[in-house]
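Read through the structure below, which is laid out as structure tokens, and then see the notes.
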Amino acid sequence: MPRALLPADAGDGAMPSPLLKRDGELELLERLDCMVRSIVELRKEVEELRNSLQHLAVEIVGEVRTHLEETQRVTRRRRIPFPRERSDSTGSSSIYFTASSGNINTDDGESEGGYTTANAESDYDRESERESEEGEDDVSCDTVRAARRDSLDLVPEDETPLVLDSLLEEGLGQLLEQADRLHSGDEQDKREGFQLLLNNKLAYAGQQEFLWRLARAHSDMWELTEDAEERRSYASGGKEELELAWQKWDQSAECHQWFAILCGQVSEYESIPKRIQAGYVFKEHIDKAIALKPQDPQLYYLLGRWCYQVAHLGWLEKRTVSALFEAPPTATVQDALQNFLRVEELSPGFSKAGRVYIAKCYKDLGNASAAVLWMDLASELQGNTKE
């Protein structure tokens, strides 16, 4: 028995009392129990962090591999000539690629390396086929121009491009006006608007105003759909529509806005690290959109939602952010409140959900009377969305 558990004035032959011994054992057991619980909790945290890091590593490796394979395919398509017919080739000369794997479709299932070898040819052969193809292209161009003249009542060839551009521009204006009207309607209108834009994608895919509306229609379908796989498909499709558009039209607030929204919708089906990474992308594009359109209340509502979610990150999400990022995103409930109030300043009654979030912010800040006031104000507005 340690001397520390004996009275200070006890002699060498003194024995500890049973009560003192029992109290010491209980205290020791409590400390050991507390230590065991701490070790178990720490082990769980380490295991969860390890799983998150392993999942992130697998995703990074997969994305890098996919990018490298895509780069190699693009380089190969640029370097390898694809003749239309080769009598001396042992394999098919099809130039079509499968959408899923990117491999060349061949009639007899040859490997990619075998296809390249089968199509090896001399410089003279390549030059001859190139001249032949150029001649065929010239004939095709003449045919197209003749068809255009017939469809435009034999308008002179030098005036045809101007007429076509005018007709396309007029049609685009009517199409965009109709798409905006359907977007503001009910569920059936939004579905019709989505189909309308899809039907005209081939004609206007290179137009900025058309593309961000098509992406917006994907977002509408994401909100209207219940099935998880369909929602993921709509969100991913809309994001792909704007993947290159916002880089080409970097000064378009709408491109940045809807790219941010679709990134957020896609991230709902991703792992925690990917959701956090999508949060960085969302904030970056919303900030750019606000810089381009500082009077748009919708953008401040979206920023307020981002701030509110960051301020309410869960324990595991905070640990993951700290482990993976040097500068974790920071936002407070007060930041969210300021953005929601900015929405009301720019457009009073803009959003029923916005007023609800103002009430939630005041509740979190301990101001119950203001929360009740804003809930009453929210109840005065009609709800037009599922949210």
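A few remarks follow.
- Estimated inter-spin distance, Q382 and V36, nm [label 7 Å along Cα→Cβ]: 6.4 nm
- Its Cα centre serving as origin, region 180-294 has a Cβ charge dipole (Lys and Arg +1, Asp and Glu -1) of approximately 380 debye.
- Tensor-based shape of region 247-387 (alpha-carbon gyration tensor, a/c under 1.5 rounded, otherwise prolate or oblate): oblate
- Extension gain, L341-E177: 0.36 nm per intervening residue step, less the Cα-Cα distance, totals 56.0 nm.
- Using the Cβ-Cβ distance between V281 and E47 with R0 set to 30 Å, the FRET efficiency works out to roughly 0.55.
- Cα centre as origin, Lys/Arg/Asp/Glu Cβ charges: region 286-387 dipole, Debye: 180 debye
- With the simple model of a label 7 Å out from the Cα in the direction of the Cβ, H55 to E27 spans 4.5 nm.
- Computed accessible area, R342, all protein chains, 1.4 angstrom probe, square angstrom: 60 Å²
- Dipole magnitude of region 190-246 about its Cα centre (Cβ charges: Lys, Arg +1; Asp, Glu -1), debye to nearest 20: 180 debye
- 3J(HN,Hα) along region 226-234: 9, 5, 5, 5, 5, 4, 4, 5, 5 Hz, from the Karplus curve 6.51 cos²θ - 1.76 cosθ + 1.60 with θ = phi - 60°, whole Hz, x for Gly and Pro.
- Cross-link check: pairs K201/K239; K293/K363; K239/K283 evaluated at a Cα-Cα cut-off of 19 Å; pairs beyond the cut-off: K293/K363.
- Sequentially through region 358-373, phi angles give Karplus couplings (6.51, -1.76, 1.60; θ = phi - 60°) of 4, 4, 5, 5, 4, 4, 5, 8, x, 9, 5, 5, 5, 5, 5, 4 Hz, Gly and Pro residues having no value and appearing as x.
- Where labels lie 7 Å past Cα in the beta-carbon direction, separation of L373 and H312 in nm: 2.2 nm
- Burial order of peptide ranges 292-304, 31-43 (average beta-carbon count within 10 Å, highest first): 292-304, 31-43
- Whether region 203-317 is rounded, prolate or oblate, judged on the alpha carbon gyration tensor where a/c under 1.5 counts as rounded: oblate
The values are calculated or read from the model by the stated rules, or taken from the named source; none is laboratory data. None of these values were measured; they are calculated from a predicted model. Note: ideal-geometry Cβ built from the backbone for every residue, glycine included; neighbour counts use all protein chains shown. Quick note on the areas: whole protein, heavy atoms, side chains included, nothing else; ligands and nucleic acids left out. Shrake-Rupley method; radii C 1.70, N 1.55, O 1.52, S 1.80 Å.
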